[in-house]
1. Which of the residues spanning region B:18-64 are β-branched (Val, Ile, Thr) and either over 27 Å from A:Thr10 (Cα atoms) or under 12 Å from the mean Cα position of the chain (by Cα) (or both)?
2. List the residue pairs whose Cβ atoms are under 6 Å apart, where the first residue sits in region B:43-67 and is under 18 Å from A:Asn93 (Cβ atoms), the second is of a type in the set (D, E, K, R) and not in a strand (DSSP E or B), and the two are 6 or more positions apart or on different chains.
3. So A:Arg61 passes all but one of these: (1) more than 23 Å from B:Gln41 (Cβ to Cβ); (2) surrounded by fewer than 18 Cβ atoms within 10 Å (Cβ to Cβ); (3) touching a Ser or Thr at 6+ places or on another chain (Cβ under 9 Å); (4) touching a residue at least 24 places away in the same chain (Cβ under 8 Å). Which condition number does it fail?
4. Residue by residue through region B:23-80, note down the ones that are within 17 Å of B:Asn7 (Cβ to Cβ), part of a loop (DSSP other than H, G, I, E, B) and touching a strand residue (DSSP E or B) at 6+ places or on another chain (Cβ under 7 Å).
5. Please enumerate the residues belonging to region B:62-75 that are under 19 Å from B:Gly16 (Cα atoms), surrounded by 13 or more Cβ atoms within 10 Å (Cβ to Cβ) and not small (Gly, Ala, Ser).
6. Can you tell me which residue within region B:31-61, out of those that are more than 10 Å from every other protein chain (Cβ to nearest Cβ) and surrounded by 15 or more Cβ atoms within 10 Å (Cβ to Cβ), is nearest to B:Arg108 (Cα to Cα)?
7. Can you tell me how many residues within region B:77-112 are crowded, with 17+ Cβ neighbours inside 10 Å, polar (S, T, N, Q) and within 14 Å of chain A (Cβ to nearest Cβ)?
8. Is it the case that region B:81-101 has a residue that's farther than 15 Å from B:Thr47 by Cβ, touching a residue at least 12 places away in the same chain (Cβ under 8 Å), of a type in the set (Val, Ile, Thr) and not in a helix (DSSP H, G or I)?
Amino acid sequence: GENVEQHPSTLSVQEGDSAVIKCTYSDSASNYFPWYKQELGKGPQLIIDIRSNVGEKKDQRIAVTLNKTAKHFSLHITETQPEDSAVYFCAANPTSGNTPLVFGKGTRLSVIA
Amino acid sequence: DTGVSQNPRHKITKRGQNVTFRCDPISEHNRLYWYRQTLGQGPEFLTYFQNEAQLEKSRLLSDRFSAERPKGSFSTLEIQRTEQGDSAMYLCASSRQGNIQYFGAGTRLSVL
């Protein structure tokens, strides 16, 4: 089955700097890769996703890149703000969202004002 | 679109008791998923439904766990004879087939 590794487990950045979180996956059949943000006491909230027919996707300060050959994908947050502080999870899915997601262990991002 | 609703938000129980959680998915979402999340980990899949049919169960779902979605709308997750190792956040998500999974706020279970 699919296995998703996520790094780093914790990340501290100064406000205004960029943050990068990286994930690798094992199942070459995976073709859907969402990223979720989880704040304390809340459920995961989707912030961006990418499908395997696309190499990069951007939404304002957030971007995701995908390298299918290397089986890794990354989340990039630019101009970080204190409200970006949260736990971020990457996930992979072999059937474009039709079946359960396999999550990484999460990255706790702290943005220092 | 009122979002995925889960009740209760918190549940404290004694070891050996039974507990039941409820999930109300987003209206018209035909898929409903249950995940479990322990401290410092990502959500782990438990089971999922398409309409009222339970399509897959994880090996994490022991015989003490049962889930239902009787009319293809809300779902319940029951844990019988709870153990301390069952303490976790239980998350529900829903989606239209092939699309984004939206999560509820979860039910935090503490087994004393």
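1. Residues satisfying the conditions are B:Val19, B:Thr20, B:Ile26, B:Thr47.
2. Listed by first residue and then by second, the contacts come to B:Phe49/B:Arg69.
3. (4)
4. B:Pro25, B:Ile26, B:Arg69, B:Phe74
5. If the condition is that a residue be under 19 Å from B:Gly16 (Cα atoms), surrounded by 13 or more Cβ atoms within 10 Å (Cβ to Cβ) and not small (Gly, Ala, Ser), then B:Arg64, B:Phe65 are the ones that fit.
6. Ranking the candidates gives B:Arg36 first.
7. Residues in region B:77-112 being crowded, with 17+ Cβ neighbours inside 10 Å, polar (S, T, N, Q) and within 14 Å of chain A (Cβ to nearest Cβ): 4 in total.
8. Scanning region B:81-101, I find at least one residue that is farther than 15 Å from B:Thr47 by Cβ, touching a residue at least 12 places away in the same chain (Cβ under 8 Å), of a type in the set (Val, Ile, Thr) and not in a helix (DSSP H, G or I), so the answer is yes.
The values are calculated or read from the model by the stated rules, or taken from the named source; none is laboratory data. Because the structure is predicted, anything quoted here is derived from the model rather than measured. With ideal geometry, Cβ positions are generated from the backbone for all residues, glycine too; neighbour counts draw on all protein chains shown.
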